[in-house]
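Q: Before we start, here is the structure in question, set down as structure tokens.
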Amino acid sequence: MSKPKVAFYWCASCGGCEEAVVDLNEDLLQVAEKVDIVFWPVALDFKRSDVEKLSDRSIAVSFINGAIRTREQEEMVRLLRKKSAYVAAFGSCAHIGGIPGLGNQFAKEKLLKLIYEDLETNDDRTVPKPLSKADGNELEIPEICEYVRTLDQTIDVDYYIPGCAPPADIILKGLTAFLKGELPPKGTVFASDKSLCDTCPLRDKKPDKFSIKELKRPHEVIHDPEKCFLSEGIICLGPATRSGCGERCINANMPCRGCFGPSPRVYDQGAKILSAIASLLGIDEEEIASEEDVSRLIDSIPDPVGLFYMYSLPASNLGDKRRNDEQKDNS
Amino acid sequence: MKKGTIERPKLVVFCCNWCSYAGADNAGVSKMDIKPYFRIIRTMCSSRVEPDTVLEAFKKGAWGVLILGCHPGDCHYKNGNYKALRRTLLLKRVLEDMGYEKERLTIDWVSASEGERFASVVNSTIEKMIELGPPKNA
């Protein structure tokens, strides 16, 4: 029997997910022995035409990372979907939109104008266009989509490997499930079903009742490693975030930023944490606080969308812009 | 939208069971004139209205969302309306950052006997929505 075929692909991502695969170290060699990697643009010299030659559903599993930002990415993931038996969204960007997803706060034109026209530059102000001419040759670059989409807003996705970047044990858990053929139900996220607070090492340190009197940003205070971040007034996304990351940030004295996506039974991660934080704000004095007092506390959050939706904007009720996109390009 | 039809504003009004819903009932019994462009959703408390629910309403085409609860100090559950106020103010900030006008989400207080107040709050919000038109970025 021939070895199962595996493909890796990247869309709008930073390359950290590819790095995470390489970070499997010796385990990667064992995996590589058992599978046949047929496509991996960052590491192996296979081209799109090689994928096109494969028969439909012949790739056992495609791991796709990155959000969908350009037409090329959209086309490639559609091609991979056709050629693969299973597709796994790999990393936060493919899963819930990730950092590139924050672009959904603005229309495409506004972003392009800011970057290519308004910001200072030493270079000439050439605005890249899908079609352009240089030295008598026609050049074509992929068009940018109106908005950022997650992978499952573009194609059918079977499994999710969350994290920015996914930790080695979660990747291995996913890979082993495919290799052994012991596949969980479709739509499974290969991580814990608990929220981060549930598995947090500071869990026992959290007071039963507390009120946030003043919001602080991580660089403004020296955090006591023995105290819960929220009780110190530092916003932590733990209550609404899925666990399974190994509490990497907490152990490094940083609050959770939500890269594992919403915990099960939560749809809109940002709205959920917003609700939790707002309830804790000045709870001591809520009966005497005027609307101005409340507004002053709220205004101490410099960028609420960027904080509450740092990783999950395109996957949320707030930032899902698919309707606009479809209206504009009818695709 | 079909050609030749007038686009009607859609206002979702969340009313708490104890004060505002009774206030809406009072407005109805007193036969007050209210523009017909709103839908009432009854909740047990104004703090039961999760930010997620409000965003869902916008996603499904609401032009505006109005949250009505008991007057401060009168909450049936003692302090639910204070939490609703804080959540709504924070959610407003988020909506503004996403390009929504700040008038699209409002929180106000209507007691069980204030039918007239219910009518005037709903009417003025609807007028504001007609002025603003449908959200451009929903």
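Q: Along the charge dipole of chain B, pointing to its positive end and built from +1/-1 on Cβ of Lys, Arg, Asp and Glu, which listed residue (B:F58, B:F118, B:Y77) has its Cα farthest out?
A: The listed residue farthest towards the positive side: B:F58.
Q: I've got another one for you. Arrange the peptides B:31-42, B:123-134 so that the one whose residues have, on average, the most other Cβ atoms within 10 Å appears first.
A: Output ranking for B:31-42, B:123-134: B:123-134, B:31-42.
Q: Net charge near A:R48: determine it from the other residues with C-beta under 13 Å of the C-beta of A:R48, scoring Lys and Arg +1 and Asp and Glu -1.
A: 0
Q: Another question about this same structure. Once you sort the root eigenvalues of the Cα gyration tensor of chain B as a ≥ b ≥ c, which label holds: rounded (a/c under 1.5), prolate (a/b larger than b/c) or oblate (the other case)?
A: Because a/c hits 1.5 or more and a/b fails to exceed b/c, chain B counts as oblate.
Q: How far apart, in nanometres, would the label points at A:A134 and A:R322 be if each is projected 7 angstrom from Cα along the Cα-to-Cβ direction?
A: Output for this residue pair reads 3.6 nm.
Q: With springs only between Cα atoms under 10 Å, which of A:L307, A:L183, A:L80 fluctuates most in a Gaussian network model of chain A?
A: A:L183
Q: Could you tell me which Cys residues in chain A have no other cysteine's Cβ under 4.7 Å from their own Cβ, answering none if every one has a partner?
A: For chain A, the answer is A:C11, A:C14, A:C17, A:C93, A:C145, A:C197, A:C200, A:C228, A:C236, A:C245, A:C249, A:C256, because their Cβ atoms have no other cysteine Cβ under 4.7 Å.
Q: What order do you get for B:E114, A:E292, B:E103 when you list them from fewest to most C-beta neighbours inside 10 Å?
A: The order, fewest Cβ neighbours first, is A:E292, B:E103, B:E114.
Q: Considering every pair of different Cα atoms, what Kirkwood radius, in Å, is found for the protein assembly as shown?
A: 24.6
Q: Follow-up. What average count of beta carbons from other chains do you get within 10 Å of the Cβ of residues in A:278-290?
A: 4
Q: Any lysines with Cα under 22 Å of the B:K35 Cα? List them, leaving off those in the same chain fewer than 8 positions away.
A: B:K10, B:K60, B:K102, B:K128
Q: Is there a simple number for the mean count of other chain Cβ atoms within 10 Å of the Cβ of residues in A:264-270, and what is it?
A: 2
Q: Nearest 0.05, what FRET efficiency do A:T188 and B:M32 give at R0 = 45 Å with Cβ-Cβ as r? Intermediate results must be reported in sequence, preceding the final value.
A: Working: r = 53 Å, r/R0 = 1.18.
It comes out at approximately 0.25.
Q: Right, next: Can you return the lysines within cross-link range of A:K34? Criterion is Cα-Cα under 25 Å, with same-chain partners fewer than 8 residues away left out.
A: A:K3, A:K5, A:K47, A:K53, A:K82, A:K83, A:K173, A:K180, A:K186
Q: For A:R296 paired with A:E120, estimate the spin-label separation in nm (one decimal), with each label point 7 Å from Cα along the Cα-to-Cβ line.
A: Result for the modelled spin labels: 3.6 nm.
Read the figures in this text as sums done on the coordinates, not as results from a lab. From a predicted model like this one, the values you see are computed outputs, not experimental measurements. As a convention, Cβ positions derive from the backbone with ideal geometry for all residues, glycine included, and neighbour counts pool all protein chains shown.
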